[in-house]
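Asker: One structure coming up, written as C-alpha cells, with questions to follow.
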Amino acid sequence: MKNKILYLFGTGIMALALTGCDLDINKDPYAVTDLDMAQLLTATEYEVAATFSEGYYINTHLASYVQHTTSREVDNYSLIPGYSTLGNTWNQAYRYAIKNCDEIIKLSDEADDAIYAGIGRVLRVYTYMNMVDLWGDIPYSEANVAGIETPKADDSKDIYNDLLVVINKAIANFKDGEAENPFAIGANDLFYQGDEAKWLKAANTLKLKLLVQSRKAKADITNWQNELNALLAENNFIGNGEDLQFPHSATKTPSDERKFGFVDEYEGGQKSVWINPWFYEVLNGKTYNFKQNPLVGIVDPRIPYYYYNQATAAGDATNVTDYRDGAFISIFMGSNSGQTSNSQENSMTCIGIYPVGGKFDTGTGGVIAGSGNGIAPDRMLQAYSVPFMKAELVLTEGIAGDAKQLLEDGIKASIYHVNAVAKASDPTVPAIGDAAINSLLLGVLSAYDAAATNAKKLEIVMTEKWIANFFNSVEAYSDIRRTGYPVLFNGADRKIYTPYDQTKEANALAEPLEYASSAILKYPRIMWYPESETQLNNANINNTGRVVSDYKNVFWDVQ
C-alpha cells in the first residue's frame, strides 16, 4: 500500500550518511550528522502515525468495534488473532516505530539535544500507551533489547507507571534552556517544524491523556493526584491548530502520500467501510434503533463532511438494501436480513472528506470514483480532546471546572478541526458556519441540562467526543471501555429496524421494517494477541485462557 520513508533495523547510524563523502581525518566518520537526525525524525513520525492508521493497520477494523462503521470482514467483533491488521500494527510498533524512538532518544541524550530527545520520548510514550490500551500486558522492559529474542510481557500498570516517568522527562527536555541542541530541526519535523513550545503542549496533553485513562485505577499510578493537580494548574495544552497529527498530501509518485483510508475506499477494488446506522442515527437525532438516543432531534452539521451519499433520496440502490433512510444506504452490525453481502459499490454511503480526504456531500449524489484527493491527517492528539477530558474529570473526579462549558468548548474545537481539514483538502468546500454551530450547541447543551445525574451528563460528553473522534478508533475504543459511553448497539432484543423497505427502489415506510439480528457478542475489552507474535514468542505472549470480554485485561479497565 505504501513505501516506507526510512527505518532502522537495530542500533547504529544509517549508512547512507557515510557514503559518497570525502574523508576528513579531523572528523569522526561515525559521528551523527544533522542529516542523520533529520531523516530519522521524519521516518519516525511517519512510522508512529502509520502504526494505528487504517489500510494494513488496525484503524479500519477497530472502527467497527466503536460502531463508527460496519464491517463485513469483522462483523460482530470477530477480529481474531489471525487477522493481518492485528499483526501489522503490532509489528509496525515494535520493528519500526518504537525502535526508531529509542534510537532518537539514545543519540539525542548522548549529544545533549533536548528537543530531539523530548520528541523521541513523546512519540515513544504515545506508541506504548496505545499498545497497552489495545493489548494490556505487552513486552516493554525487554522489548528490542539486543540478545533477547523472546521478550517477556510486562504488567500494564508497570508500563503505565514508567511511561509517566518518560513523559515527565520529555516535559523536562522541552523546558531545558541549557541544552546544546546541536541538531538542526525544521521542515523535517512534520508535526511542529521544531516548535519547542508546541511540543511541550503536546507532551502535557499526552500526560493528561495518560492520567485520565488511568483514573479508575489511580491507586496503581504513583502520585496520580499530585501529578494531575500540577498539570491542570499549569494548563498548557494544545489548542486549535496545534494538533499532533501526520499530514498526508495528494502526492501519488514516487511514493503514495495520500491518506490510506482514501486509497482503500476511493481507489480500491472493493469498498469495505460502511457507515454504521447506529452512528448515523445519533448524528441525525433519530431513534429507529437507538430508542434512548441522548441527542434525539438534533441534526449534526458535521454530517456532509463525515460521509457521502452516492445515492439520492429517491434514487435506486444497486441491489436490495439492508438498511436505508433516504439517500443513506448501509448495512447493520449483526444483521440476519440476508442482504448484507449484496454489492452496493455505486450506491452505498461512503466515508467522506473529513476522515480521509474524500468527497464532500452536496446532497446531489453521484459515485465517488475519481473524486477527492486523500488530503487528511492521521489524528494522534487532538485539541478537541482536551476540553472533553477535562469535562470527564469534572464529572467523575470532582476537579474544579464547568463541565457544560467544557462540553461546548470540545464541540467547537471539533468543528474547527473539521473545517480546517476540509479546507486543506478542498478550498471550495463551505465551512460550518456560526448559525449551524449555534443550533447544534443549543440542542446538545439543552440535552445536557436535562440530564438528571452526572452519569447522564457524562453520556452527553462522551457521545460528543465519540462523534468528534469519527474514524479515530483507538482513542474512541479506550473511551468506551473507560466510561461505558456512548451506549452501543448490543442486539439485546435481537431486532433491527430500517425506515425504508429492503428493496432496490427508494420506498419509505409508514413504520420501520423489523428484522432479526444475530446474538451480539459480549463487548471485547481487549484485542487478541496477533498470531504472528504468539507463534514466535508463545512462552510469553499467547492467547491461552485469554477472555477478551473480561475486565482488567488492562489495569485501568475496571467496573
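Asker: So if we plug the beta-carbon distance of Asn542 and Ala516 into 1/(1 + (r/R0)^6) with R0 = 25 Å, what FRET efficiency do we get, rounded to 0.05? Walk me through the intermediate numbers first.
Answerer: Values: r = 36 Å, r/R0 = 1.46.
The value I calculate is 0.10.
Asker: Using Cα pairs under 8 angstrom and six or more residues apart, how large is the relative contact order of segment 354-426, in percent? Present the calculation step by step, with values, prior to reporting the outcome.
Answerer: Working: 66 pairs, mean separation 25.5, N = 73.
Relative CO of segment 354-426 lands at 35 percent.
Asker: Follow-up question, since we're still on this one. Among the chymotrypsin sites (Phe, Trp or Tyr not before Pro) in segment 496-559, which ones are in a DSSP loop with at most 15 other Cβ atoms within 10 Å of the Cβ? Mind listing them? It would help to have the intermediate numbers written out before the result.
Answerer: Working: sites: Tyr497, Tyr500, Tyr515, Trp528, Tyr551, Phe555, Trp556; in loops: Trp528, Tyr551, Phe555, Trp556.
Here the sparse-neighbourhood loop sites are Tyr551.
Asker: Could you compute the net charge surrounding Ala516? Neighbours are other residues with a C-beta less than 9 Å from the C-beta of Ala516; K and R count +1, D and E count -1. Show your work: numbers first, answer last.
Answerer: Values: positive: Arg494, Lys495; negative: Glu514.
Within the 9 Å Cβ shell, the charges total +1.
Asker: Let me ask something else about it. For segment 211-287, what size does the Cα cloud have along each of its three principal axes, sorted from largest down, in whole Å?
Answerer: Result for segment 211-287: principal-axis Cα extents of 52, 44, 26 Å.
Asker: Take segment 402-559, compute every pairwise Cα distance, and split them into 5 Å bins from 0; I just need the percent in each bin.
Answerer: For segment 402-559, the pair-distance distribution reads 1, 7, 10, 12, 13, 14, 15, 13, 8, 4, 2, 0.
Asker: Also: Could you give the length gained on full extension between Glu345 and Tyr523, defined as 0.36 nm per residue of separation minus the Cα-Cα distance, in nm?
Answerer: Values: separation 178, 0.36 × 178 = 64.08 nm, distance 2.96 nm.
Net length gain for the segment: 61.1 nm.
Asker: Quick one: helix 473-483 against the long Cα principal axis of the chain, what's the angle to the nearest 10°, folded into 0 to 90?
Answerer: In the chain, helix 473-483 runs at an angle near 80 degrees to the longest axis.
Asker: A further question on this structure: Please report, in Å, the Rg and the Dmax of segment 68-183, where both are computed over Cα atoms only.
Answerer: When restricted to Cα atoms, segment 68-183 yields Rg and Dmax of 16.8, 55 Å.
Asker: Give me the net charge of Asp557's neighbourhood, meaning all other residues with Cβ under 10 Å from the Cβ of Asp557; Lys, Arg count +1, Asp, Glu -1. Before the final figure, lay out each step's value.
Answerer: On the way: positive: Lys216, Arg481, Arg482, Arg525, Lys552; negative: Asp133, Asp550.
My count for the surroundings of Asp557 gives +3.
Asker: Hey, what's the Cα Rg ratio for segment 476-534 versus the globular rule of thumb, 2.2 N^0.38 Å? Don't jump to the answer; show the numbers that get you there.
Answerer: Numbers: Rg = 17.3 Å, N = 59, 2.2 N^0.38 = 10.4 Å.
For segment 476-534, the normalised Cα radius of gyration comes out at 1.67.
Asker: For segment 474-519 and segment 368-437, what is the centre-to-centre distance using only Cα atoms, to the nearest Å?
Answerer: 25
Asker: At 0.36 nm per residue, and after removing the present C-alpha to C-alpha distance, how many nm does the segment from Asn226 to Ala187 gain when stretched out fully?
Answerer: On the way: separation 39, 0.36 × 39 = 14.04 nm, distance 3.68 nm.
Length gained between Asn226 and Ala187: 10.4 nm.
Asker: Also, quick follow-up: On a 0 to 90° scale, report how tilted helix 34-51 is relative to the longest principal axis of the chain, with both axes built from alpha carbons and the result rounded to the nearest 10.
Answerer: Compared with the principal axis, the helix lies near 30 degrees.
Asker: Here's something else I'd like to know. May I ask for the angle, rounded to the nearest 10°, between helix 224-234 and the longest principal axis of the chain, with both axes built from Cα atoms and the value confined to 0 to 90°?
Answerer: It works out to around 90 degrees.
Asker: Please report, in Å, the Rg and the Dmax of segment 117-197, where both are computed over Cα atoms only.
Answerer: In Å, with Rg to one decimal and Dmax whole: 15.0, 40.
Asker: Could you work out the per residue convex hull volume over the alpha carbons of segment 278-397, in cubic angstrom?
Answerer: Details: hull volume 18.0 nm³, N = 120.
Cα convex hull per residue, to the nearest whole number: 150 Å³.
Asker: Taking every eigenvalue of the Cα gyration tensor of segment 192-332, multiplying by 5 and rooting it, what semi-axes result, largest first, whole Å?
Answerer: Working: eigenvalues 300, 126, 38 Å².
Working from the Cα gyration tensor, I get semi-axes of 39, 25, 14 Å.
Asker: Would you work out the relative contact order for segment 103-152, in percent, from Cα pairs under 8 angstrom that are 6 or more residues apart? Working shown, then result.
Answerer: Values: 26 pairs, mean separation 10.7, N = 50.
21 percent.
Asker: Let me ask you something else. Using +1 at the C-beta of Lys and Arg and -1 at the C-beta of Asp and Glu, which of Gly410, Ala111, Ala170 has the Cα lying farthest in the positive direction of the dipole of the chain?
Answerer: Farthest towards the positive pole: Gly410.
Asker: On to the next question. Measuring from centroid to centroid over Cα atoms, what is the spacing of segment 37-64 and segment 277-299 in Å?
Answerer: After rounding, the separation between the Cα centres reads 32 Å.
Asker: So for segment 195-321, taking the charge dipole from beta-carbon charges (+1 Lys/Arg, -1 Asp/Glu), which of Trp199, Asn319, Tyr288 sits furthest toward the positive end?
Answerer: Tyr288
Asker: At a 10 Å Cβ-Cβ cut-off, how would you order Phe290, Phe332, Phe246, fewest neighbours first?
Answerer: Details: Phe290 21, Phe332 25, Phe246 17.
Least to most surrounded, the residues fall as Phe246, Phe290, Phe332.
Asker: Tell me the relative contact order for the chain as a rounded percent, counting alpha carbon contacts under 8 Å between residues six or more apart. Could you put the intermediate results ahead of the total?
Answerer: Working: 1027 pairs, mean separation 101.4, N = 559.
Relative contact order of the chain: 18 percent.
Asker: Dividing the convex hull volume of the Cα atoms of segment 439-513 by its residue count, what figure in Å³ per residue is obtained?
Answerer: Values: hull volume 13.1 nm³, N = 75.
It is 175 Å³ per residue.
Asker: Over the Cα atoms of segment 387-493, what is the Rg over Rh ratio if Rh follows Kirkwood? Show your work: numbers first, answer last.
Answerer: Numbers: Rg = 14.9 Å, Rh = 14.8 Å.
Answer for segment 387-493: 1.00.
Asker: Kindly state, to the nearest 0.05, the FRET efficiency for Asn76 paired with Ala197, given R0 = 45 Å and r defined as their beta-carbon distance.
Answerer: Details: r = 46 Å, r/R0 = 1.03.
Given R0 = 45 Å and the Cβ-Cβ separation, E is 0.45.
Asker: Mind sorting out which of (1) 23.9, 72; (2) 23.6, 86; (3) 37.2, 112 is the real Rg and Dmax of the Cα atoms in Å computed from the coordinates?
Answerer: The listed entry that was calculated here is (2).
Read-outs: derived from the displayed coordinates by stated rules, not from any lab. Here the structure is a predicted model, which is why all the values come from computation and not from measurement. No Cβ is skipped: glycine too gets one built from the backbone with ideal geometry, and neighbour counts run over all protein chains shown.
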